[in-house]
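Only one structure is covered here, and it is reproduced in the block below.
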């Protein structure tokens, strides 16, 4: 907890200072000072006495005010110089985008019986959603599963898990672990660039980088620490991303998982290690529901503010959509790989198509409730 309070005392005022400059724009110096002092005072109230690890309360107040002001200057500097906005793609980014286009063409070439199957898979793997039928898009939106079609931490997390499993055959020596971490970071980073480097998927990539670094250095980091560290890095290099709805929803969802989910999960009585098969199933359902509720508590107000809608069946939607998506993405990647090799196994094609159809049908039923 001490480490979490320490990083909060540094990260939160910095992020708040960036937010003030991004949303307020160019303001007079005295206004900037007052806004940053207000941020410092508010953050100081949030800090508990045990947060004295960095020094006395006065030192804490100075550090918090300084970080808030640094955040404010970071945002203003970015707005004046447009540091986080470039006119063209670099060499590596262009290569990644070209690969994404080739992937889209390869998906279109897979002989699915239903055209919608390829379009949904294309959205799940590349983020391209323009070809999805309107009725399918409406079913995803009205059931509260629009985030499934928008590339986010869920998608990159699944791909990250697949990469970890595939590269596990290299062994577990210290050197191999470092090489594996670098390979995973490189592949995930290239995929992030290929899919347009949206704010939410960049957040997921930063989580992977921080997690792999902690693993190599044998450092144990809690989810709140990773959350605040990743957010600070992202707003430092791209202050204007704080305006992005995907950025806000992504970090809000993780905040719900980090701070609310552990509390809700603890409502289920008993010890996990003593659960029988039926109790494990029931506990899994409660954990899934608690996860959905935690995310909805933090993302619901933001989503309603921007879209004026609130999914009523979000718990049922997530309990069906997330497990199915976690199966569809590996199946789609396997289907894509075999197709690129000129091999179209009927069983694999039909299985992938059935999974996608099951997802669409289930969400369609939920949308009509």
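Taken together, the values in this text are just the output of simple stated rules run on the coordinates, not laboratory data. These numbers come from a predicted model, not from an experiment. Methodologically, a virtual Cβ is constructed for each residue, glycine included, from the backbone with ideal geometry; neighbour enumeration extends over all protein chains shown.
Each of 328, 260 was scored by other Cβ atoms within 10 Å of its Cβ. Arranged with the fewest first, they read 260, 328. In region 158-200, inverting the average of 1/r over every pair of distinct C-alpha atoms gives 11.1 Å as the Kirkwood radius.
The label-point distance for residue 92 and residue 215, in a model that sets each label 7 Å from Cα toward Cβ, rounds to 2.0 nm.
Most exposed first by the Cβ proxy, i.e. fewest other Cβ within 10 Å, how do 181, 146 rank? Walk me through the intermediate numbers first.
Numbers: 181 19, 146 16.
Least to most surrounded, the residues fall as 146, 181.
Each label point was placed 7 Å from the Cα along the Cα-to-Cβ direction; for residue 106 and residue 183 their separation is 1.8 nm.
Cβ-Cβ distance of residue 166 and residue 350, R₀ of 35 Å, FRET efficiency by 1/(1 + (r/R0)^6): the value works out to about 0.90.
Grab the beta carbon distance between residue 310 and residue 138, set R0 = 22 Å, and tell me the FRET efficiency rounded to 0.05.
Result of the calculation: an efficiency of 0.85.
Computed over region 150-243, relative contact order equals 29 percent, with contacts defined as Cα pairs under 8 Å that lie 6+ residues apart. Taking the inverse of the mean 1/r over every pair of distinct Cα atoms in region 254-369 gives a Kirkwood hydrodynamic radius of 16.8 Å. In this simple spin-label model, placing a label point 7 Å from the Cα along the Cα-to-Cβ direction at both residue 338 and residue 222 gives a separation of 4.6 nm.
Going by the alpha-carbon gyration tensor, a ≥ b ≥ c the square roots of its eigenvalues, is region 150-243 rounded (a/c under 1.5) or, if a/c is not under 1.5, prolate (a/b greater than b/c) versus oblate? Oblate, because a/c is 1.5 or more while a/b does not exceed b/c.
Cβ crowding within 10 Å ranks 341, 166, 97 as 341, 166, 97, fewest other Cβ atoms first.
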